[in-house]
Amino acid sequence: MTAETAVSNDSHQARARVFISYSRRDIAFVDRLEAALKARNFEPLVDRTEIYAFEDWWKRIEALIARADTIVFVLSPDAVDSEVSRKEVAFAASLNKRFAPIVFRTVNDKSVPQELAKLNFVFFTDESRFEANADRLAQALDTDIVWIRQHTEFGELARRWKLANESPGLFLRSPVLDQAERWIASRPPNAPVPTQETQVFISGSRQAATRRRNILTGSLAAGLVISLGLAGLAYWQRGVAVEQRALAEQNEALAKEERDRATRNFKLAQSTAESLVSDIAQGLRNVQGMRADAVRRILDTSRGTFDQLAASAPDDPTLQRSRGIMLAEFGTTYRTLGDLDQAQKAFRDGLAIAESLAAASPRNTLLQHDLSVAYVNVGDVDAAQGRLDDALKAYRSGLDIAVHLVAAAPNYAERDLSVAHNAVGDVLVVQGEFDAALGSYLNGLIVAEKLASTNPTNTRWQRDLSVSHNKVAGVLKVQGQLDNALKAYREGLAIRERLAAGEPSSTQFQRDLSVSYDNVGGTLVAQGRIDEALAAFRDGLVIAERLAAADRSDTGWQRDLAVGYGNIGNILVTQRRFDEAQEAFRSALGIAERLAAAAPTNTGLQRDLFVLNIKLGDVLTAQDKFDEGLKAYRASLDAVSRLAKADPGNLRRRDELLLAVDRVSDTSYKLLLARNFTTALEYADEVISFALDMIHLHRNRAHALMFLDRINEARTLYLQYRGQNRVIEEKSWDTVVLGDFAEMRQGGLTHPLMDEIEKLFTSRN
């Protein structure tokens, strides 16, 4: 059994193993206790043999204790006087096992082993209360059982490693290594500390994993050196071919033979170089632990290498097509790293090549396929950067080509068709065209199901199918069809669980799985199934934390982690666990601030600042922490105002701006009720500067001026908007102001100007 398979993937469902240490004189009680524990879904480990030679018998005891999650010591005068029992306690303590001492027959406290004396006892001295006490014991054994189960499993692996003379072959590997590191970091307050042996085993596993990663990096670098050499060889061979053409006048047959040989050598070098460069791009994309800045440096050098090779034969369509494919690979890697500007540059350069080649050979289905893919790649980055009209135009160009290619080249075009349908649907969703988006997604799903069914082992097609299920589910959720949405999300989740299990080292499959858990969790929230939703979100967060820890410079993984914390925070808010929610939102916000600072033109990252600050502000104001809440709301207002200024025609941005404005305005009003009039005026003025055309915002300013005894200014402002209709929804200015006055009086706030204004407003009506 390997270390990877030895650790349970579902520890909370496994039966907890309990070793019972006892005196043979108490065997009748132990028999009854064993039956009670089995009835409560525990696995008792009881040694009943004394017939072996002592050494063999003791090895059996050691093995049982090592396998156990908890050691139940049956306290009685005979047990505490037993040398064997004390030896069992000492050995279990050396493994830092959890103890659960129970009293069967009363003992002198001073005779109890020190490891047990400091713990709480469960008393079984009253036989009539046996079942109730067994329930108490079961509850204690179940406490932190998931963590305790892993304590046992990782402890056994460490012990096996030690007994094998610390063999490197027994070290943990990801994802089990990541699980072990999270386990150590999440130790419950009263749980036993992992043994020094276990800690050394896990830290050594990480060091070994780091060495393997460094070897991989070195291998990729070596591959790059080889590709550089091959590019030089190819360039030289190309020159030989050119020179040989000049010899044709002297000896045409010899020249042809030499020219053919030079061309073959050039093609071989070309093929090898392009394969290596492509492998580098693909390999770096999903290798866990590789830093993004190191990836960029390798890619830049590799691209320069291949550009030099392509420049040696600008009229060679095969070589130019290879360059276009390489640019697409590099663009995808840059996009994965969050560098959208470099991704778009690579994709557009690739599109220019694809357009040129397709125009020169309009009947070449392979080149038309390349062009369809190139349009979709460009559209993806346009969409990520908020240029939706440009994205839709690019996607539809790719879709039109795919539609025409289906009959001529289904192997190429069917997947293109599915991807393009989904891409068009993505933009339509953002634009609010949900019915049209659903139709486009369903068209893509039909194609994806067909491809996936033809080859269940094709992981790319299986992943495409999971993507299609998720996209259909997303629209169904927006349209309120929650049961159908959950079903579709779970179909996608099932596919991704299989893919992640089949390739646990693939960061793409792990990330997909995390996203699917979040999707399921979000739908469960909409159905009001909060506990199930929280469990799903936590499953997704575990994966996101592991990926984010592997590379802090990977924007996608870091953003996933921020989303995960935000999801948990949302659930905690519904449960009114505000302190925990605040902690979750602050964790998410810390990541979002770092990402947004590094990519100021990325609208998605900038919007994250707006959303998370709104959420944090809501939690803080719900706890009457108005100063901190206002700070968060102001940050959200700053973020969304920048977005609105950059895209003034975007109605969604204006709605978000108004939402932030209303949050600050509402808090300004709460400050009034809390008699903090100066700060209330400050924030009232601030929101007015952002939304001068929203009349209702001026009432907080008027209220604050009144209580600051700036009566003339307040009176002028109250009367300035007197009679204005539909200030808030269908309510008039007069109605809103009078409503505020009534609420203020309920809170003990009064002022003579209130009576004056009230008379003026009511007399006019």
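Observations on the structure shown:
- Some residue of the range 518-536 being within 21 Å of Ile591 (Cα to Cα) and of a type in the set (Ser, Thr, Tyr): no
- The residues in the range 710-728 that are outside any loop (DSSP other than H, G, I, E, B) and over 16 Å from Phe677 (Cα atoms) can be counted, and the count is 8.
- Looking only at residues of the range 561-620 that are farther than 30 Å from Val381 by Cβ and of a type in the set (Lys, Arg), we find that the one that is most open to solvent (accessible area, probe 1.4 Å) is Arg576.
For every residue, the table says whether it meets (1) crowded, with 23+ Cβ neighbours inside 10 Å; (2) among the hydroxyl-bearing types (Ser, Thr, Tyr); (3) touching a helix residue (DSSP H, G or I) at 6+ places or on another chain (Cβ under 7 Å).
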| residue | (1), (2), (3) |
| --- | --- |
| Ala536 | yes, no, yes |
| Gly540 | yes, no, yes |
| Ala549 | no, no, no |
| Arg559 | no, no, yes |
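- Restricting attention to the range 711-750, the residues being free of Cβ contacts under 8 Å to residues at least 24 places away in the same chain and out of contact with any Leu (no Cβ under 6 Å at 6 or more places or on another chain) number 18.
- Counted residues, the range 40-64 - those being farther than 20 Å from Val103 by Cα and either assigned to a strand (DSSP E or B) or at pLDDT 90 or above (or both): 1
- Residue check, Asp31 at negative phi, surrounded by fewer than 19 Cβ atoms within 10 Å (Cβ to Cβ), in a helix (DSSP H, G or I) and at pLDDT 85 or above: yes
- Residue within the range 484-501 that is open to solvent by 60 Å² or more (accessible area, probe 1.4 Å), touching a residue at least 40 places away in the same chain (Cβ under 8 Å) and assigned to a helix (DSSP H, G or I) present: no
- One residue alone among Arg160, Arg173 is modelled with pLDDT under 80, over 21 Å from Ala191 (Cβ atoms) and touching a Leu at 6+ places or on another chain (Cβ under 9 Å), and that residue is Arg160.
- Subset of the range 621-631 [open to solvent by 30 Å² or more (accessible area, probe 1.4 Å) and part of a helix (DSSP H, G or I)]: Ala622, Phe626, Asp627, Glu628, Lys631
- Test for Thr457: is it more than 21 Å from the chain's Cα centre (by Cα) and over 26 Å from Gly432 (Cα atoms): yes
- Scanning the range 366-383 for residues that are within 30 Å of Gln558 (Cα to Cα) and open to solvent by less than 40 Å² (accessible area, probe 1.4 Å) yields Ala374, Val376, Asn377, Val378, Gly379, Val381, Asp382, Ala383.
- Criterion: farther than 24 Å from Glu433 by Cβ, at pLDDT 95 or above and of a type in the set (Gly, Ala, Ser) - qualifying residue of Ala488, Ala494, Ala501: Ala494
- Just one of (1) crowded, with 20+ Cβ neighbours inside 10 Å; (2) over 25 Å from Leu388 (Cα atoms) fails for Ser453. It is (1).
- When the range 329-339 is filtered for residues that are under 12 Å from Asn377 (Cβ atoms) and either surrounded by fewer than 24 Cβ atoms within 10 Å (Cβ to Cβ) or touching an Asp or Glu at 6+ places or on another chain (Cβ under 6 Å) (or both), the ones remaining, listed by number, are Glu329, Thr332, Arg335.
- Among residues of the range 670-709, those that are part of a loop (DSSP other than H, G, I, E, B), surrounded by fewer than 16 Cβ atoms within 10 Å (Cβ to Cβ) and at pLDDT 85 or above, counted: 4
- Test: residue in the range 584-595 that is part of a loop (DSSP other than H, G, I, E, B) and within 30 Å of Asp685 (Cβ to Cβ): no
- Selection from the range 65-106 of residues that are at pLDDT below 90 and of a type in the set (S, T, N, Q): Ser82, Ser85, Ser94, Asn96, Thr106
- Hits in the range 351-365 - residues which are open to solvent by 50 Å² or more (accessible area, probe 1.4 Å) and not basic (Lys, Arg): Ala352, Glu355, Ser356, Ala359, Ala360, Pro362, Asn364
- In the range 106-147, residue most open to solvent (accessible area, probe 1.4 Å) [restricted to those that are in a helix (DSSP H, G or I) and among the hydroxyl-bearing types (Ser, Thr, Tyr)]: Ser128
The values are calculated or read from the model by the stated rules, or taken from the named source; none is laboratory data. From a predicted model like this one, the values you see are computed outputs, not experimental measurements. Using ideal geometry, Cβ is built from the backbone for each residue, glycine included, and neighbour counts are taken over all protein chains shown. Just so you know, the surface numbers come from the protein's heavy atoms only, side chains and all, with ligands and any DNA or RNA stripped out. Shrake-Rupley method; radii C 1.70, N 1.55, O 1.52, S 1.80 Å.
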